[in-house]
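Let me begin by presenting the structure, written as structure tokens, before commenting on it.
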Amino acid sequence: MKLTRQQIDEARQVYDLYWDSYVKGDVDTFAGTLDENFEMIGTSESEICHSKEEGIEFVKSQVDELIGIVEMRNRQIKTAPLENFVLVNEHCDIYTLAEGDWSFYSKIRISTLLRETPEGWKVVQQHGSFPDLRVQEGETLAIDKIHRENLELRDAVKRRTAELENKKRELEIEAAMERIRVQSMAMQQPDDLNKVNQELLNQLNSLQVEGLTGVSIWLIDNDGIVTAWDLSSPGNMGDPSSATVHYDAEKYDILGEPWRIIQKSDDDYFVLDYPVKKLQKAIEEWDKVDPAVATNFREALTTGKLTHQWNPMARHSHGLLSIDLVNPPPADTREIVTKMAGAFSLAYRRFLDLQKAEAQAREAQIEAALERVRSSTMGMQHSEDLSNVASVMFDQMNGLGGELFAFGIVLCDKQKDTVEQWHNLGNEGMITPFTVPIDLDYIHRYRYDQWRAGKELFSIEIPEDYIEEHFELMFELPSVKSAMDEVAARGVQVEIPDWEIDYCASFTHGYLLVSSLKEFEEDHIFPKFAKAFDQAYTRYLDLQKAEVQTREAQIEASLERARAQSMMMQHSDEINFISNAFHEQLILLGIPSEFSYVWLPDEENQSHQFWASWSEMSKGEIRLQSKQVTYPLDKSEPYTAACFEAWSTPDVVLEEFIPPEEIAGFFDVWQELLSGAEKLKAEHFPEGIYYSEAYMRYGCFGINIRRKLSDEEKSILKRFSKEFERAYTRFLDLQKAEEQARLIREERDRLEIALNKLHATQEQLIQQEKLASLGQLTAGIAHEIKNPLNFVNNFSDVSIELVEEAREEVLAQKQTLRKETDQNPLLRGESSTEGDARGVLEKASTDGQTQDPEIESSSTNTPLNPLSRGEAGSIPQMDLILEILDDIEGNLRKIHEHGSRADSIVKSMLQHSRGGDGKMEPTPLNPLIKEYVNLAFHGMRAGNDPINVDIDLDLDLDENVGEVSLIAEDFSRVILNLCNNAFDALKEKLTSRQQSGRQLSAESGNGYKPKLTIRTLAEPNTVTISIEDNGPGIPDEIKDKIMQPFFTTKKGTQGTGLGLSITNDIVKAHGGIMNIDSQPGQTIFTIKFNR
């Protein structure tokens, strides 16, 4: 059977392993290559073996003589199939190490026969021999001993020639190394490493290493990441991205084998053998690492250009140097590759040193640039100097390389949807900052999002097909358009590039925006500049704050001087000094007002006055002038109309421009006010003039100026306007005080009279308060009066009855006497009337009447006894008695009448004090309310000063209220008291309006109409009564007092202060509460209690 190429290659691999393990003394590996029927015939008598075991013992005996001492060099190997065997013939040189030097020992010829077994290819027979140097070509034996010396000489010559050839090779190798070292030492910059690599490739080629197809440098880090450069097209080793291949060695079996070898051993040199099968596996891995490399290998295998590859590798300082061979490595390969690796280590160390030095120099250059930025930062004296810092930064970044188009500072706020951009156009300096929405386009959105996410450095390309649209969107923004107009005014034309890339470096308040026309290789420097700018911006904020504080101090000082001038006013006619002071302080604050003025409209009097102040040079000194003029108010006049319109929105500063064509008319309006001011004429303002006004309560404070005011100046104007408002308030207060002083002088005498009246009134009030206090004693007094009053009434009633009886008796006696007299006129003094009359007196005495101690009851000498006067029994005497009885009866009836009246009064007093019998009874509430509201109304109408009151009663009483458990006698007083108080309040308001002259006639329908509204509301468990009037209301300061006993607001003797106190007590006695809700024009008493 014919052997395949792959079988031959596999036999060759075993052959290489056989000799490699033999030279290294690796007994185990050597034993694995031997066939069980191994035969060996060597170069000496002892080198004969007839089995595998003998072969192993032979190698063991030779280990000490082989390891590190013997090398096979200049190997020439040929393989040939021999039926089912592979015959390998080799010619090579044997070198030995003695005293540190390698010396040629001899040439050797080796024949090896291998056969394929189930375990793989095995060495079945090996023969080796040294050539006999004494034998000439064509001879078999040295027969002629005569030629021995010649043979020896020839042998010596051949040996010396081999030594010289080897020495020459060594010199060639050393010369190649020296050229590489020279190139290494000549390196001036890191890129020169490429020259060293090229020289290394050239020298390898010059050494004519048999089968050399390629050279590569491998850099391997501690994690097994391989970065390899093919020296036939090495790229820039300073840039890892230019490497030929880049992969993780740990992930691949074949491609990662070199890394695993150097991890596990300290060998400086080793050879990797790649037969076809191993190459095919490697190609599969190359497909994953670099498909292009895999394609090249696959094509080479397919075409037969590559059937076997060896890769001798030697360590260098940072990895491996590898050469690609299609033949087995020659004897001197190890020396060449090892020395080449050493030379590369030297070059790579210098490369790293140069790279480090270059980086340090670059870093120093960058640091110097940053230091210039920091110096300009520390040199900032004003916040405006920030633009200078930005210009320095732009110059320094440009000086570091690159083609920068523009440089900007973008200030961001996470609470806003816009950013503020400050841009520097190189030599043109900073332009006015402008505002851009973060969503203007995807470019702005991306930059803002990256800053917000905290990215230190980020970039975005503005492509050629979008850049024009990007700038058009920006130029349409009003703030950008204004900034571009300013740039155009400088004569600068901004050209839009065809393409740009924006680099952004974040700082605390935003990010730096660097627009470049090409990619910037060292974009890592931008964050450093951002940190430097962060310091600058912090200093800018500090300076800005200090400037604001300083400016605020200046403004406040000016305002304080103006305030001081205001406070110094002692008379109202000093207002003109205030106007001058305000104008002067504006000038000191750097606001070049041509003239300042105050506008004070008076719509009631249809006039408006102006105070104007300006400065003029007089005898080399600046003098302040002022003038006041009052004009008729004409709201149709354009300037006046504009003032009134602006006055409606006082927070806005009105700013108007008077163009040149209207300037003459403008000053004509001011002619009277500015008369005498030579500099304030139309001809002095050919470019027009601005007027700006800040409004206040009384009008406005304004200035005329040749330019627009800044926002800060507008704020100052508003503050001065407010200060003038305070000054004018003081002016009005002074005017008022002066008027009050005059009135005080006029009223002094009248007040003295009023004081005397007041003393009298106080005495009356004290007496009334005493009487009111006595009111609480009424109940007790009424009880004390009731008992004697009962006696008076009872006895007067009894006495009347007795008088009537006496009269009847006297009349009877008179009738009898008349009859007797008619019959016997001589009978006198025996009348029975004596006993009767006495009986009357006795009866009166027994009824408790006090008798005169001088009159005895048994005596007949009494005023009623006519017999005591010697007239007993006469008819005239009887008539006199009847007259006396009539008088007594009349008196007694008067006593009884007035006693009854007194009794009624006492009963009323007792009822007032007791309030009924205290029994709660179901009572219809609405009828009760109607009755007592009407009673109160008619009582008011019957009293003094009655008024007409509209009582809203019927429609507001809830018919569902029904009966409520209450004491009718008591609760009626609640209704009466509250209605009476309401009538008093309505009467007070009506009287007040009539006295003030604001009461309109009834015909107009718009006058004040007193109204009393009573409402009831039934709820499930409660009843609510509200009594509302539209009187003046109860002042807040007395609401908490009106329930107190004896507190009253009524004048004179009109009130005792007990009504509401008693009312509140009655409500509480019914288990209810009474609330008061009062405001000007309305008072509501609300009573709420359970059913």
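The values are calculated or read from the model by the stated rules, or taken from the named source; none is laboratory data. Keep in mind it's a predicted model, so treat the numbers as computed, not measured. We place every Cβ from the backbone using ideal geometry, glycine too, and count neighbours over all the protein chains shown.
Residues that are at pLDDT below 85 and closer than 19 Å to SER1026 by Cβ: which strands (runs of 3 or more DSSP E) entirely in segment 912-1014 hold 3 or more of them? Walk me through how you get there before you give the answer.
Details: elements: 921-924, 950-952, 963-966.
Here the list reads 950-952.
Conditions tested, residue by residue: (1) at pLDDT 85 or above; (2) within 30 Å of MET393 (Cα to Cα); (3) part of a loop (DSSP other than H, G, I, E, B).
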site	(1), (2), (3)
VAL514	yes, yes, no
GLU522	no, yes, yes
TYR540	no, yes, no
ARG561	no, no, no
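Does segment 453-463 include one or more residues that are within 30 Å of GLU371 (Cα to Cα), hydroxyl-bearing (Ser, Thr, Tyr) and either surrounded by fewer than 18 Cβ atoms within 10 Å (Cβ to Cβ) or out of contact with any His (no Cβ under 6 Å at 6 or more places or on another chain) (or both)?
First, the residues of segment 453-463 that are within 30 Å of GLU371 (Cα to Cα): 453-461.
Subset that is hydroxyl-bearing (Ser, Thr, Tyr): 459.
Keeping just the survivors that are either surrounded by fewer than 18 Cβ atoms within 10 Å (Cβ to Cβ) or out of contact with any His (no Cβ under 6 Å at 6 or more places or on another chain) (or both) gives 459.
Checking segment 453-463: at least one residue is within 30 Å of GLU371 (Cα to Cα), hydroxyl-bearing (Ser, Thr, Tyr) and either surrounded by fewer than 18 Cβ atoms within 10 Å (Cβ to Cβ) or out of contact with any His (no Cβ under 6 Å at 6 or more places or on another chain) (or both).
Take LYS518 and tell me if it is over 21 Å from ASN424 (Cα atoms) and either assigned by TED's automatic domain parsing to the domain that holds LEU589 or part of a loop (DSSP other than H, G, I, E, B) (or both).
Values: over 21 Å from ASN424 (Cα atoms): no; either assigned by TED's automatic domain parsing to the domain that holds LEU589 or part of a loop (DSSP other than H, G, I, E, B) (or both): yes.
The answer is no for LYS518.
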Quiz item: Taking segment 176-200 on its own, how many of its residues are in contact with a Leu (Cβ under 8 Å, 6 or more places away or on another chain), part of a helix (DSSP H, G or I) and surrounded by fewer than 19 Cβ atoms within 10 Å (Cβ to Cβ)?
Solution: 3
Quiz item: closer than 23 Å to ALA162 by Cβ and either surrounded by 18 or more Cβ atoms within 10 Å (Cβ to Cβ) or not β-branched (Val, Ile, Thr) (or both), is that true of GLU71?
Solution: yes
Practice problem: Name, by its number, the condition in (1) out of contact with any helix residue (DSSP H, G or I) (no Cβ under 6 Å at 6 or more places or on another chain); (2) modelled with pLDDT under 85 that does not hold for TRP614. | Solution: (2)
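Report whether or not PHE407 is within 30 Å of VAL548 (Cα to Cα), surrounded by 14 or more Cβ atoms within 10 Å (Cβ to Cβ) and of a type outside the set (Gly, Ala, Ser). Before the answer, list the steps.
Working: within 30 Å of VAL548 (Cα to Cα): yes; surrounded by 14 or more Cβ atoms within 10 Å (Cβ to Cβ): yes; of a type outside the set (Gly, Ala, Ser): yes.
Yes; evaluated as a whole, the condition is true for this residue.
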Practice problem: Among the numbered conditions (1) closer than 18 Å to PHE130 by Cα; (2) crowded, with 16+ Cβ neighbours inside 10 Å, tell me where ILE56 comes up short. | Solution: (1)
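Has segment 371-387 got any residue that is within 30 Å of GLU519 (Cβ to Cβ) and assigned by TED's automatic domain parsing to the domain that holds GLU500?
Of the residues in segment 371-387, the ones within 30 Å of GLU519 (Cβ to Cβ) are 371-377, 386-387.
This time we only want the ones that are assigned by TED's automatic domain parsing to the domain that holds GLU500, so: 386-387.
The answer is yes, given that some residue of segment 371-387 is within 30 Å of GLU519 (Cβ to Cβ) and assigned by TED's automatic domain parsing to the domain that holds GLU500.
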Quiz prompt | Subset of segment 1056-1079 [modelled with pLDDT under 85 and outside any helix (DSSP H, G or I)] | solution = THR1056, GLY1057, LEU1058, HIS1070, GLY1071
Self-check item: Those strands (runs of 3 or more DSSP E) lying entirely in segment 406-502 with at least 2 residues more than 23 Å from PHE520 (Cβ to Cβ)
Solution: 418-424, 434-437
Self-check item: Every residue from segment 190-218 that is under 30 Å from THR307 (Cβ atoms) and aliphatic (A, V, I, L, M)
Solution: LEU200, LEU201, LEU204, LEU207, VAL209, LEU212, VAL215, ILE217
Self-check item: Identity of the residue in segment 667-708, part of a loop (DSSP other than H, G, I, E, B) and in contact with a Leu (Cβ under 7 Å, 6 or more places away or on another chain), that ends up surrounded by the fewest Cβ atoms within 10 Å (Cβ to Cβ)
Solution: TYR698
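So, PHE1046, is that one among the aromatic types (Phe, Trp, Tyr), at pLDDT below 85 and either more than 21 Å from THR991 (Cβ to Cβ) or in a helix (DSSP H, G or I) (or both) or not? Break it down into steps so the answer makes sense when it comes.
On the way: among the aromatic types (Phe, Trp, Tyr): yes; at pLDDT below 85: yes; either more than 21 Å from THR991 (Cβ to Cβ) or in a helix (DSSP H, G or I) (or both): yes.
Against the criterion (among the aromatic types (Phe, Trp, Tyr), at pLDDT below 85 and either more than 21 Å from THR991 (Cβ to Cβ) or in a helix (DSSP H, G or I) (or both)), PHE1046 qualifies.
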